[in-house]
Ligand code: DLL
């Protein structure tokens with residue numbers, strides 16, 4: 001099922017011709033309207049007419065999150081403020097948030113790409129879509145909301161939190177599609193179970209999950225517990241919000257909405273473009289956005305691209321599920337560690353609950369990784385000997401994946417704070 005077959009299934013030649021025309025228009029526009037870009041392009045000795053093919057994209061300098069922060073709040077906007085009808089912002093870990101502005105046309109494009117996303121996840125008119133992403137400056141809630149309205153579904157704008165109410169709505173309204181972070185979906189499934197409600201008895205059919213990295217194992221766990229087909233959706237506020245890429249029923253990579261977002265993969269260290277199927281940092285150029293268009297934006301997420309035809313019939317490039325970010329990748333004793341690797345290991349141990357928290361400390365100049373893992377109620381009350389056995393098995397599993405020594409600490413069920421939005425998985429207590 002497609003929302004917009006003409007756009008999602010164009011021939012590659014047609015698509016690339018459209019991308020080039022849009023790219024040329026974009027460079028021309030920002031050169032004229034955004035002093036920051038004019039200066040950057042001039043420094044690189046690139047003029048709009050130098051963009052003659054998609055390969056010429058490489059001549060354009062990158063834009064980074066630091067550029068957005070330096071031009072806080074509206075310095076990179078490409079239209080007068082009276083053309084902006086919405087502002088969103090993402091909370092940075094340091095300093096000022098990054099602010100994005102949307103024109104009416106940007107909101108239309110966002111609704112369009114979210115409509116494609118939801119239909120590709122199996123939603124349609126007549127569905128009851130419970131939006132448990134946060135509404136507010138975060139793009140998750142309103143982004144999904146507009147897409148759901150566009151396809152003609154009934155939207156339940158419940159936002160995050162109030163788990164009891166979420167469950168009541170799932171039951172009473174007969175929600176058919178749930179949209180939330182994957183960690184919250186798992187939490188909801190467990191909370192429902194605790195209240196003696198079996199998701200099997202609910203009409204819920206599909207889950208549209210994203211906003212944080214998750215694994216194939218977690219997908220299986222959520223699908224089993226919530227009794228849904230779980231689809232991965234991807235996006236970031238700087239580019240538009242959710243709606244940048246989404247899985248189809250084949251669940252074999254996320255289709256990038258390539259007529260609006262031009263993807264590249266580069267080496268995170270050198271910035272050199274990498275070929276098809278090589279893992280590296282995602283870079284996106286927004287081809288159609290008016291409010292805050294971005295040229296070659298360094299997304300920091302690590303993935304790889306394929307342009308091989310998908311069996312769903314869409315012709316757009318697919319990105320592999322994001323395993324982590326180049327900047328929140330942990331380096332522990334010189335080894336690169338992604339929280340998702342630890343999650344996969346835990347999900348292979350039946351006694352371990354997929355709730356965990358990774359502490360990184362530096363003890364006598366040596367990095368230490370301690371992972372707190374929740375166990376089931378029965379296991380926790382088991383004898384010390386049995387618990388030691390489980391700890392040992394988890395340790396062996398994690399160490400075999402990471403290749404470094406870790407300490408495992410089993411903690412009481414429900415003792416790790418649940419998140420309603422993005423899960424906090426890492427507490428890095430190292431100095432400097
Ligand atoms: O998280 C937008 C969004 C909302 C996406 C709802 C999907 C669903 P930001 O708050 O700007 O925007 O965070 C963007 O979150 O660069 C990734 O690191 C991470 N992220 C988003 N989706 C996924 C995903 C929204 N499916 C940052 N898998 C991105 C892995 C994801 N990471």
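The values are calculated or read from the model by the stated rules, or taken from the named source; none is laboratory data. If you're wondering where the values come from, they're calculated on a predicted model, not measured in any experiment. In this analysis, Cβ positions are derived from the backbone assuming ideal geometry, glycine residues included, and neighbour counts consider all displayed protein chains.
Structure notes:
For (1) surrounded by 13 or more Cβ atoms within 10 Å (Cβ to Cβ); (2) in contact with a strand residue (DSSP E or B) (Cβ under 6 Å, 6 or more places away or on another chain); (3) on the phi > 0 side of the Ramachandran plot; (4) at pLDDT 85 or above, each residue gets a yes or a no:
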{"position": "334", "(1), (2), (3), (4)": "no, no, yes, no"}
{"position": "347", "(1), (2), (3), (4)": "yes, yes, no, yes"}
{"position": "356", "(1), (2), (3), (4)": "yes, yes, no, yes"}
{"position": "362", "(1), (2), (3), (4)": "yes, no, no, yes"}
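- Among the residues here, residue 233 does not qualify as out of contact with any strand residue (DSSP E or B) (no Cβ under 6 Å at 6 or more places or on another chain), at pLDDT 95 or above and within 12 Å of the ligand (Cβ to nearest atom).
- All positions within the range 1-23 that are free of Cβ contacts under 8 Å to residues at least 40 places away in the same chain and either crowded, with 18+ Cβ neighbours inside 10 Å or not assigned by TED's automatic domain parsing to the domain that holds residue 250 (or both): 20
- Against the test of being in the same structural domain as residue 246 (by TED's automatic domain parsing), at pLDDT 95 or above, more than 16 Å from the ligand (Cβ to nearest atom) and not in a loop (DSSP other than H, G, I, E, B), the options 109, 85 yield a single qualifying residue, 85.
- Checked across the range 199-209, the condition of being within 16 Å of the ligand (Cβ to nearest atom), surrounded by 23 or more Cβ atoms within 10 Å (Cβ to Cβ) and closer than 30 Å to residue 293 by Cβ holds for at least one residue.
- Some residue of the range 165-176 being within 16 Å of the ligand (Cβ to nearest atom) and touching a helix residue (DSSP H, G or I) at 6+ places or on another chain (Cβ under 7 Å): no
- Among the residues of the range 396-432, the ones that are in a loop (DSSP other than H, G, I, E, B) and within 16 Å of the ligand (Cβ to nearest atom) come to 7 in all.
- From 139, 160, residue being at pLDDT below 95, crowded, with 21+ Cβ neighbours inside 10 Å and within 16 Å of the ligand (Cβ to nearest atom): 160
- The listed residues are 294, 218, and the only one of them that is within 16 Å of the ligand (Cβ to nearest atom), modelled with pLDDT under 95 and either under 22 Å from residue 141 (Cα atoms) or in the same structural domain as residue 85 (by TED's automatic domain parsing) (or both) turns out to be 218.
- Set side by side, the residues 55, 42, 28 differ, and just one is at pLDDT 95 or above, loosely packed, with under 15 Cβ neighbours inside 10 Å and in contact with a helix residue (DSSP H, G or I) (Cβ under 6 Å, 6 or more places away or on another chain), which is 28.
- Within the range 299-328, considering residues that are over 29 Å from residue 3 (Cα atoms) and crowded, with 16+ Cβ neighbours inside 10 Å, the one farthest from the chain's Cα centre (by Cα): 326
- Answer residue from the range 392-412, given it is in contact with a helix residue (DSSP H, G or I) (Cβ under 7 Å, 6 or more places away or on another chain) and modelled with pLDDT of 90 or more and is surrounded by the most Cβ atoms within 10 Å (Cβ to Cβ) among those: 398
- Flag for residue 309 being out of contact with any strand residue (DSSP E or B) (no Cβ under 9 Å at 6 or more places or on another chain) and either in the same structural domain as residue 214 (by TED's automatic domain parsing) or not in a strand (DSSP E or B) (or both): yes
- Count - residues of the range 329-345 that are part of a loop (DSSP other than H, G, I, E, B) and over 16 Å from residue 267 (Cα atoms): 3
- Residue 213 being touching a strand residue (DSSP E or B) at 6+ places or on another chain (Cβ under 6 Å), within 16 Å of the ligand (Cβ to nearest atom) and modelled with pLDDT under 95: yes
- Within the range 139-152, residues that are closer than 13 Å to residue 113 by Cβ sit with their Cβ atoms under 7 Å from residues that are near the ligand (Cβ under 10 Å from one of its atoms) and in a loop (DSSP other than H, G, I, E, B), at 6+ positions apart or across chains, in these pairs: 139/237; 144/133.
- Test: residue in the range 371-379 that is closer than 26 Å to residue 219 by Cβ, in contact (Cβ under 8 Å) with a residue 40 or more places away in the chain and touching a strand residue (DSSP E or B) at 6+ places or on another chain (Cβ under 8 Å): yes
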